[in-house]
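Only one structure is covered here, and it is reproduced in the block below.
The values are calculated or read from the model by the stated rules, or taken from the named source; none is laboratory data. None of these values were measured; they are calculated from a predicted model. Cβ coordinates were reconstructed from backbone atoms using ideal geometry, including for glycine residues, and neighbour counts include every protein chain displayed.
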Amino acid sequence: MTRTWYVLAVALVGLLHGGAHGDNDFDALSGLALGRQVYLRYCAGCHGPDGLAVYASAPSFALGERMQRPDGVLIRSIRGGLGDMPSWENKLPDSWLVEALGYVRDIAARAQANAPLTEEWPDYYFIFAPMGRDITREWWMNPNPP
């Protein structure tokens with residue numbers, strides 16, 4: 001089955017404001033700080049900023065979902081896409097994917113230790129909807145209509 005995605009880039013808000021928070025900001029970051037920013041911009045739209053998924057088909061990392069899998073398996077899933085998740089191969093540097101996975105594992109570890117998960121929604125981020133879903137203001141406000 002061909003996975004075709006429409007991308008609603010809330011990131012356009014940032015572009016309209018001169019791109020002040022573009023990907024170039026990531027160049028000065030490394031490790032967990034880079035992973036956090038990559039996750040919040042590219043993953044949180046579906047997996048939630050605190051690791052609690054927004055959609056039923058997305059794993060909740062804060063609940064430990066998928067965390068038993070080795071890094072190599074998870075990186076392959078991120079690169080190639082899986083289920084409703086699009087492929088990130090050739091869209092983001094591999095080093096960013098590795099750091100984002102490190103941040104995901106940090107979310108899971110903090111949740112398991114009962115540390116508060118208080119991450120806020122970023123100013124702008126990406127969300128996705130499978131083909132056939134109309135991305136409109138109504139969809140954005142209610143992605144699971146009756």
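Residue-wise test of (1) in contact with a His (Cβ under 6 Å, 6 or more places away or on another chain); (2) farther than 26 Å from Gln112 by Cα; (3) modelled with pLDDT of 95 or more; (4) in a loop (DSSP other than H, G, I, E, B).
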{"position": "Ser57", "(1), (2), (3), (4)": "no, no, no, yes"}
{"position": "Ala62", "(1), (2), (3), (4)": "no, no, no, no"}
{"position": "Glu65", "(1), (2), (3), (4)": "no, no, no, yes"}
{"position": "Arg69", "(1), (2), (3), (4)": "no, no, yes, yes"}
{"position": "Val73", "(1), (2), (3), (4)": "no, no, yes, no"}
{"position": "Ser87", "(1), (2), (3), (4)": "no, yes, no, yes"}
{"position": "Lys91", "(1), (2), (3), (4)": "no, yes, no, yes"}
{"position": "Val98", "(1), (2), (3), (4)": "no, no, yes, no"}
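Please pick out the residue among Val104, Val98 that is crowded, with 20+ Cβ neighbours inside 10 Å and not acidic (Asp, Glu). Break it down into steps so the answer makes sense when it comes.
Values: Val98 fails: crowded, with 20+ Cβ neighbours inside 10 Å.
Within the list Val104, Val98, the selection yields Val104.
Quick check, is Arg79 under 18 Å from the mean Cα position of the chain (by Cα), outside any loop (DSSP other than H, G, I, E, B) and either modelled with pLDDT under 85 or under 21 Å from Arg41 (Cα atoms) (or both)? First the steps, then the outcome.
Details: under 18 Å from the mean Cα position of the chain (by Cα): yes; outside any loop (DSSP other than H, G, I, E, B): yes; either modelled with pLDDT under 85 or under 21 Å from Arg41 (Cα atoms) (or both): yes.
Yes, satisfied.
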